[in-house]
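Structure record follows, encoded as structure tokens.
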Amino acid sequence: MSLKTTRRIALAGLIAVAMAGPAMAQAFPTKPVTIIVSFAAGGPSDVIARLLGEQMSKTLGQPVLVENVAGAGGTAGAKRMAAAEPDGHTILIHHLALAAAPALYGNLGYDTKTDFVPIGLVNTGPMVVASKLALPTTDAKSFFAYAKANADKLSLAHAGVGSNSHLCGVLMSQILGVKFTEVAYRGTGPAMNDLVGGQIDFLCDQSTSAVSQIQGEKIRAYAVTSTERLDVLPNVPTAIETGTKLEMTIWHGLYAPKGTPTAVLDKLNGALRAALKQPAVLDKFMAFGTTVFPESEWTREAHGKRFVAEVDKWGASLKAAGIKPQS
Ligand code: MLT
């Protein structure tokens, strides 16, 4: 083979490689897209993921499936996604636990700030402090006083170290200056079932899961962690109103693995934006006591900015609280 021919073949090869990225992005998705949920089925992250997936599939033209990869406070699912093929067919829904994890776990198996590429913010809302009906407390004041006096006897359910429900319990423990007996679940879906069944004493869960159980009088709500009451729970005060400075706002976002082509990320962001405008999503969010972010924050950049700020914020506040990463 002449030198000229060899050069021509090499050049053709380079062009083919360069074209493969944009062509792949153009064709995306070529098969079902899977959203990894890092917590058990039936919990708030799972519910939000399924609602979104149903709508996003209409824009993407492919089914959007949900896979629950629960465990280790949501870090098992994050690890699975970080190792996935970066082609947009495997994405992750996660919340502030993804940002808090580096302050709590020594060996995550991924780099929180660089292995996840933001696709867009999904929803934001408060937590609700609630107990089983059998607890002898009727309002926030009596509950927080009872919790302080009987902390060693009370079981606090949560979805693993670093989950929202765990962090809410940590904040409450710090405010009251006590330590509860913690019971870790693979998500607040099963924890909520046990709260309704009376097997555990109390739980601080996202409004997404808590509201319907409170309205159905299956559990007793004491306080929401937002600065304003929720329209769907008008009789439940904010913790701040009752004199307990428990304030916490949760949020979900979608992520793709590092290396996912920009055009694929843009397509996923577009499908997410379209889903967030659907009455089917907005009505459900309203019923859950959760909301979409302002449209100005629907960009991938806004999500990235919030994510990095939350990693830094939770890193600093957990360190200040004397909490060290566990291996
Ligand atoms: C879940 O879906 O189980 C929750 O998002 C867990 C939590 O963070 O409390």
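The values are calculated or read from the model by the stated rules, or taken from the named source; none is laboratory data. Nothing here was measured: the structure is a model prediction, and the numbers come from that model. Because the Cβ atoms are built from the backbone with ideal geometry, glycine has one as well, and the counts that use them run over all protein chains shown.
Against the criterion of being farther than 20 Å from G169 by Cβ and either surrounded by fewer than 22 Cβ atoms within 10 Å (Cβ to Cβ) or more than 14 Å from the ligand (Cβ to nearest atom) (or both), K218 qualifies. Search the range 141-156 for residues being not hydroxyl-bearing (S, T, Y) and not in a helix (DSSP H, G or I), and hand back the single one that is farthest from the ligand (Cβ to nearest atom). Among residues in the range 141-156 that are not hydroxyl-bearing (S, T, Y) and not in a helix (DSSP H, G or I), the one farthest from the ligand (Cβ to nearest atom) is N150.
Residues are listed down the side, and each one gets a yes or a no for (1) surrounded by 17 or more Cβ atoms within 10 Å (Cβ to Cβ); (2) in contact (Cβ under 8 Å) with a residue 40 or more places away in the chain; (3) in a helix (DSSP H, G or I):
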| position | (1), (2), (3) |
| --- | --- |
| Y255 | yes, yes, no |
| L265 | yes, yes, yes |
| A274 | no, yes, yes |
| A287 | no, yes, yes |
| F293 | yes, yes, no |
| V311 | yes, yes, yes |
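For first residues located in the range 235-253 and assigned to a strand (DSSP E or B), partners that are surrounded by fewer than 16 Cβ atoms within 10 Å (Cβ to Cβ) and lie 6+ apart or on another chain with Cβ distances below 7 Å form the pairs T238/T227; T238/E228. Checked against (1) under 23 Å from S317 (Cα atoms); (2) away from the ligand (no atom under 13 Å from the Cβ); (3) modelled with pLDDT under 95; (4) part of a helix (DSSP H, G or I), V170 passes all but condition (2). Taken as a whole, the structure leaves S165 outside the set of residues that are part of a helix (DSSP H, G or I) and either among the acidic types (D, E) or without any contact (Cβ under 8 Å) to a residue 24 or more places away in the chain (or both).
Pairing residues of the range 187-199 that are touching a residue at least 12 places away in the same chain (Cβ under 8 Å) with residues that are away from the ligand (no atom under 12 Å from the Cβ) and among the polar types (S, T, N, Q), at Cβ distances under 7 Å and at least 6 apart in sequence or on separate chains, gives M192/Q213; V196/Q213. Counting only helices (runs of 4 or more DSSP H) that sit completely within the range 1-114, those holding 3 or more residues that are away from the ligand (no atom under 13 Å from the Cβ), at pLDDT 95 or above and farther than 26 Å from A321 by Cβ correspond to 44-60, 75-82. Of the residues examined, G198 is one that is surrounded by fewer than 23 Cβ atoms within 10 Å (Cβ to Cβ) and away from the ligand (no atom under 15 Å from the Cβ). Between A184, A239, A159, the distinction of being at negative phi, within 16 Å of the ligand (Cβ to nearest atom) and crowded, with 24+ Cβ neighbours inside 10 Å belongs to A159 only. Apart from one condition, G125 fits all of (1) modelled with pLDDT of 95 or more; (2) in a helix (DSSP H, G or I); (3) more than 30 Å from E85 (Cβ to Cβ); the exception is (2).
Annotation for the range 250-257: at least one member residue is more than 16 Å from the ligand (Cβ to nearest atom) and modelled with pLDDT of 95 or more.
Residue by residue through the range 177-213, note down the ones that are under 15 Å from the mean Cα position of the chain (by Cα) and either more than 20 Å from E228 (Cα to Cα) or part of a loop (DSSP other than H, G, I, E, B) (or both). R186, G187, T188, G189, listed by residue number. Considering only the range 24-64, state which residues are of a type in the set (F, W, Y) and either in contact with a His (Cβ under 7 Å, 6 or more places away or on another chain) or closer than 19 Å to D266 by Cβ (or both). Answer for the range 24-64, where residues must be of a type in the set (F, W, Y) and either in contact with a His (Cβ under 7 Å, 6 or more places away or on another chain) or closer than 19 Å to D266 by Cβ (or both): just F28. Taking the numbered list (1) among the polar types (S, T, N, Q); (2) crowded, with 24+ Cβ neighbours inside 10 Å; (3) away from the ligand (no atom under 11 Å from the Cβ) in turn, T138 passes all entries but (2). Listed by first and then second residue, the pairs linking a residue in the range 204-218 that is more than 21 Å from E182 (Cα to Cα) to a residue that is among the charged types (D, E, K, R) and not in a helix (DSSP H, G or I), with Cβ atoms under 8 Å apart and 6 or more places separating them unless they lie on different chains, are I214/R220.
Pairs are defined by a Cβ separation below 7 Å, a sequence spacing of at least 6 or placement on different chains, a first member in the range 31-42 that is at positive phi, and a second member that is within 9 Å of the ligand (Cβ to nearest atom); the pairs so defined are G42/G189.
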